[in-house]
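Input: a single structure, listed below in structure tokens.
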Amino acid sequence: MESSSGGTVIKRPAGIIAGLTAAWAIFGLFLALDTELQLPPGTFFEMIGLAFGIDPSYAVYIGFLLYMITAVIIGIIYSTLSERIKALYINSIVKGVGTGILAGIIVWVVLFLPINYGIMQQTLEKMVTQSNPSTPKSETAENLIKHSNTIFWGSLALHVVFGGIMGFCARLAVAKTSIIHD
């Protein structure tokens, strides 16, 4: 906090706020995707936890925590780059949403696709081959493998939405006067 003539100014950590807000905004979409794929709520977060070797009883919680931490890191990187690179400076809502969507697509390509195909798919295949086929975990893994094309395109859409919301929120955080333009 800084003292300003006549009041207190609180520095807004734009990246943290933008990343967290975007993560919470699409949280419901993950649950909707679980429902659409006829999976138990929280399956996405559980699979993240399981892929990283977390005990199944804590996997959903740790997966969710890793998701939120990742969103914060993405928000911080996005905001830092947009503040330091003049061409990326968010001086309007349109530019914020546009650069946010671009960031979401970059994260999808650089982070999601390698994790999905390098870790998640192998984990799912291992779950199918090494567990009893009648167990819920094996059935869930088979279902996720079966819907990998839907997950591929759905994840792209989620990253675009995440990025757009993150860019919009970052614009709100850096606006000095009008949020429409400086």
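Taken together, the values in this text are just the output of simple stated rules run on the coordinates, not laboratory data. Keep in mind it's a predicted model, so treat the numbers as computed, not measured. Glycine gets a Cβ as well: all are built from the backbone with ideal geometry, and neighbour counts include every protein chain shown.
List of remarks:
- For segment 15-22, 3J(HN,Hα) computed residue by residue from phi via the Karplus equation (6.51, -1.76, 1.60; θ = phi - 60°) reads x, 5, 5, 4, x, 5, 4, 5 Hz, glycine and proline entered as x.
- Using alpha-carbon coordinates, inclination of helix 148-174 to the longest axis of the chain, degrees: 20 degrees
- A straight Cα-to-Cα reach below 18 Å connects Lys176 with the aspartates and glutamates Glu2, Glu83, residues fewer than 8 places away in its own chain not being considered.
- Among Ile26, Ile74, Ile85, the largest mean-square fluctuation in a Gaussian network model of the chain (Cα springs under 10 Å) belongs to Ile85.
- Cross-link partners of Lys126 among lysines, defined as those whose alpha carbon lies under 22 angstrom from its own and excluding same-chain residues fewer than eight positions apart: Lys137, Lys146.
- The rule of thumb for compact globular proteins, 2.2 N^0.38 Å, goes into the C-alpha radius of gyration of the chain 1.19 times.
- Cα long-axis angle, helix 121-130 against the chain (0 to 90 degrees, to the nearest 10): 20 degrees
- Efficiency of FRET from Cβ geometry, Glu125 and Asp55, R₀ 22 Å, rounded to 0.05: 0.60
- Rounded to the nearest 10 degrees, the angle from helix 59-84 to the longest Cα principal axis of the chain is 30 degrees.
- Only Cα pairs under 8 Å and 6+ residues apart enter the sum, and on that basis the relative contact order of segment 14-174 stands at 36 percent.
- Spacing of the modelled spin labels on Leu65 and Asn149, each 7 Å from Cα toward Cβ, amounts to 3.8 nm.
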